[in-house]
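Report on the following structure.
The values are calculated or read from the model by the stated rules, or taken from the named source; none is laboratory data. Remember, it's a predicted structure, so these values are computed and weren't measured experimentally. Here the Cβ is made from the backbone with ideal geometry for all residues, glycine too, and neighbour counts use every protein chain on show. The area values use the complete protein model at the heavy-atom level, side chains included, leaving out ligands, DNA and RNA. Shrake-Rupley method; radii C 1.70, N 1.55, O 1.52, S 1.80 Å.
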Amino acid sequence: MELKKYWIDIVLVVVMVISTLVLILRFWQDLTIAISAALMMLAIGGLFLSLQIKMRRLEESVIARERMLRTNLEEISTRMVDKYDMAISHLDELVAELSKRAYK
């Protein structure tokens, strides 16, 4: 995983956890609430990071498939052009042969 792509998301997760801790500063006498809120924000931030990574992988796979389809279509079009040219030349030969027979 390249951290350079996700550094903004990581910073936002850290900010989210810190802001959660600041919001529940009033409940510091109950350490369980503070720890659970921080863990909850870490989990939500982790889910966001996981979603971002999956979306990026999906986007890369779609781009790869599009590239593959484009090359396959180009290959098919060249094959069709070759078959078309071959059929036209065969028809020209048949027409020329029939013309020769008609004039004899």
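Restrict the check to region 6-29 and report whether at least one residue is open to solvent by 80 Å² or more (accessible area, probe 1.4 Å) and within 23 Å of the chain's Cα centre (by Cα). Yes, region 6-29 contains at least one residue that is open to solvent by 80 Å² or more (accessible area, probe 1.4 Å) and within 23 Å of the chain's Cα centre (by Cα).
Of the residues making up region 67-83, none is surrounded by 12 or more Cβ atoms within 10 Å (Cβ to Cβ) and of a type in the set (S, T, N, Q). Would region 41-58 turn up any residue that is surrounded by 11 or more Cβ atoms within 10 Å (Cβ to Cβ), in contact (Cβ under 8 Å) with a residue 24 or more places away in the chain, β-branched (Val, Ile, Thr) and part of a helix (DSSP H, G or I)? Yes, that holds for at least one residue. Scanning region 89-104 for residues that are open to solvent by less than 90 Å² (accessible area, probe 1.4 Å) and either of a type in the set (D, E, K, R) or modelled with pLDDT of 95 or more (or both) returns a single hit, 97.
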